[in-house]
Structure formats: structure tokens, C-alpha cells
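Working notes, structure below.
The values are calculated or read from the model by the stated rules, or taken from the named source; none is laboratory data. All values derive from a computational prediction rather than experimental measurement. Note that we place each Cβ from the backbone using ideal geometry, even for glycine, and neighbour counts take in every protein chain shown.
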Amino acid sequence: MPRLHVNIDHVATLRQARLSQDPDPVLAAGICELAGANGITVHLREDRRHIQDRDVRILKETVKTLLNLEMAWTEEMLDFALELKPDQICVVPEKREELTTEGGLNVAQYEQSLTEEMDRLHSAGIEVSIFIDPIPDAIECAARSGADFVELHTGSYANARGQNRENELKRLETAANYAHELGLRVNAGHGLDYENVLPIAQLPWVEELNIGYAILCRSIYSGLDQAVREMQDRILAAAPPDQE
């Protein structure tokens, strides 16, 4: 059964809309952990549109579970990660004009530099995940780079309907199995919500689900603590009866 990592980026999005001190993503992270989240995810974007350097530094000192830093594969972000030493990084593609991450990383483009830097990241105690589309080439490149995880991009699944959604789910299942065969651990995320998360939580080998936007939307109505608990309940429903 996967662990739930809550992405708190959009707490900072709301704060930055007024350049205020509230709502505080650090406080939100604590509420999520108390509600049962197994990890906290933040994306420090190059344009600093939501999460700020200071947020990540404080979270490094205060998160009690696991801190996952999503980041573009740039020299600036690599240096930041090596200085900060989060528990895990997830390398993601990044475009200034996008509203949210639109697809998986072109791993082949970065494979050489990822491979060259992997030892430094591992020596710093950082697990490395690469955010990819569920396709064989990307999985193979990630395995050759020495990454610990791939995070399968679930956006196409989340946006599909009917038989197309079933097809996307099968594609994710095939990708998870192939990644496992190549020695990679598997995470998943993007576009997951309370209605579509269960089949993803039931996929083989998936260890972590990164979910943020849906939880924060729900929290407006029910409160952040309750929203996290409700998502954990959905994920727990994926466990066989003897594992609940």
C-alpha cells in the first residue's frame, strides 16, 4: 500500500498572491503530518512562484516524516539540494509559462549529467527520483542513470475518461512492472484526487503517491486535517483486508 506524500506548493501560491506571511506552508506541513501524511513534497521552482528558499530551509528542520524536494535539473538547484540535503529529490521538467508540470522529464537529454552527479547525491544521503511518463525509454534511461526511484506521471490517466482511462491505467501498470524489473523503486503522482486515486494505489510496486492540489481544494471546505485524513482513507482502501 503506498504512502501519502502531501504537496504543499499551493499553500504558498495563496500566500504569494498577496506577498503575505499567511497561509504558512510550514504550518500546513505540520498539520498534514499530524493528520497522517507520510511525507511532505515541495517544488522549488526557478521563478520562485510559490515555495521560497526560506520555506524549504525551515521545512528541512521541522518535517518529522520525509521531505521530498521537486526540482529542475539545473546547476543552481543541484547546488541547493546538496547544501540542504533533503531526504529525497524528484527531478522534474520545468517551463516558465506552464501552470503545473505538464509531463515527464526527457531523461535521455539529461542522462549523462544525472549519471555524473548521482554519486554526489547519494553520498549526501539523498534518494533520487525522476518524474517520467510511463514509457520504456524513460524507464531505461532512469535505470542507467543510477536513480533510486521513478515517479510515474499520472496526468494522462487523471484526465482520461471511460476506456481511455482504463488504457492509461494499464500503461501505468506495465511501466511499474518494468521499472521494478530494472531495479527501480516506483512512485506516482499528478492529477490524483479523491475519485481516481484508488486504482493507482492498487498498482503493483508503487511506494509513494504525491498529491497536493486535490487535498488543498478539499481543505477549503473541510479543513486541512480532515482533507488529509480522507485521502489516507482512500489509499488505505487499496490494501488487502489482512493488511489494513
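Yes or no, residue by residue, for (1) out of contact with any Pro (no Cβ under 8 Å at 6 or more places or on another chain); (2) surrounded by 14 or more Cβ atoms within 10 Å (Cβ to Cβ); (3) in a helix (DSSP H, G or I); (4) free of Cβ contacts under 8 Å to residues at least 12 places away in the same chain:
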residue: MET1; (1), (2), (3), (4): yes, yes, no, no
residue: VAL6; (1), (2), (3), (4): yes, yes, no, no
residue: VAL11; (1), (2), (3), (4): no, yes, yes, no
residue: ALA17; (1), (2), (3), (4): yes, no, yes, yes
residue: ALA28; (1), (2), (3), (4): yes, yes, yes, no
residue: ALA37; (1), (2), (3), (4): yes, yes, no, no
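Consider the range 200-244. How many of its residues are in contact (Cβ under 8 Å) with a residue 40 or more places away in the chain, within 21 Å of SER156 (Cβ to Cβ) and either out of contact with any strand residue (DSSP E or B) (no Cβ under 8 Å at 6 or more places or on another chain) or of a type in the set (Ser, Thr, Tyr) (or both)? Residues meeting the conditions: 3. Taking each residue of the range 39-58 that is touching a residue at least 60 places away in the same chain (Cβ under 8 Å) and within 16 Å of LEU84 (Cα to Cα) and looking for partners that are buried (at least 21 other Cβ atoms within 10 Å of the Cβ) and among the small types (Gly, Ala, Ser) with beta-carbon atoms closer than 9 Å, six or more apart or interchain, yields THR41/GLY189; THR41/GLY212.
How many residues are out of contact with any helix residue (DSSP H, G or I) (no Cβ under 7 Å at 6 or more places or on another chain) and surrounded by 23 or more Cβ atoms within 10 Å (Cβ to Cβ) if we restrict to the range 201-243? The qualifying residues number 2. The number of residues in the range 129-165 that are touching a residue at least 24 places away in the same chain (Cβ under 8 Å), of a type in the set (Ser, Thr, Tyr) and over 18 Å from GLN109 (Cα atoms) comes to 2. From the list ILE211, ILE200, which residue is closer than 20 Å to ALA29 by Cα and modelled with pLDDT of 95 or more? Only one candidate qualifies: ILE211.
Would you say GLY183 is surrounded by fewer than 18 Cβ atoms within 10 Å (Cβ to Cβ), under 19 Å from GLN88 (Cα atoms) and without any contact (Cβ under 8 Å) to a residue 60 or more places away in the chain? Working first, answer last.
Numbers: surrounded by fewer than 18 Cβ atoms within 10 Å (Cβ to Cβ): yes; under 19 Å from GLN88 (Cα atoms): yes; without any contact (Cβ under 8 Å) to a residue 60 or more places away in the chain: yes.
Here the answer is yes, as GLY183 does meet what is asked.
Of all the residues in the range 48-68, those that are under 17 Å from THR13 (Cβ atoms) and of a type outside the set (Asp, Glu) number 8.
Residues are listed down the side, and each one gets a yes or a no for (1) within 18 Å of GLN202 (Cα to Cα); (2) within 18 Å of the chain's Cα centre (by Cα); (3) modelled with pLDDT of 95 or more:
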{"site": "ALA138", "(1), (2), (3)": "no, yes, yes"}
{"site": "ALA143", "(1), (2), (3)": "no, no, yes"}
{"site": "GLY146", "(1), (2), (3)": "no, no, yes"}
{"site": "GLU151", "(1), (2), (3)": "yes, yes, yes"}
{"site": "ASN167", "(1), (2), (3)": "yes, no, yes"}
{"site": "ARG171", "(1), (2), (3)": "yes, no, yes"}
{"site": "THR174", "(1), (2), (3)": "yes, no, yes"}
{"site": "ASN177", "(1), (2), (3)": "yes, no, yes"}
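Take the range 161-187 and flag every residue that is in a loop (DSSP other than H, G, I, E, B), more than 13 Å from PRO134 (Cβ to Cβ) and touching a helix residue (DSSP H, G or I) at 6+ places or on another chain (Cβ under 8 Å).
Listed by number, the residues that qualify are LEU182, GLY183.
Would you call SER219 under 27 Å from ARG15 (Cβ atoms), not basic (Lys, Arg) and not in a loop (DSSP other than H, G, I, E, B)? Considered against the rule, which asks whether it is under 27 Å from ARG15 (Cβ atoms), not basic (Lys, Arg) and not in a loop (DSSP other than H, G, I, E, B), SER219 comes out as yes.
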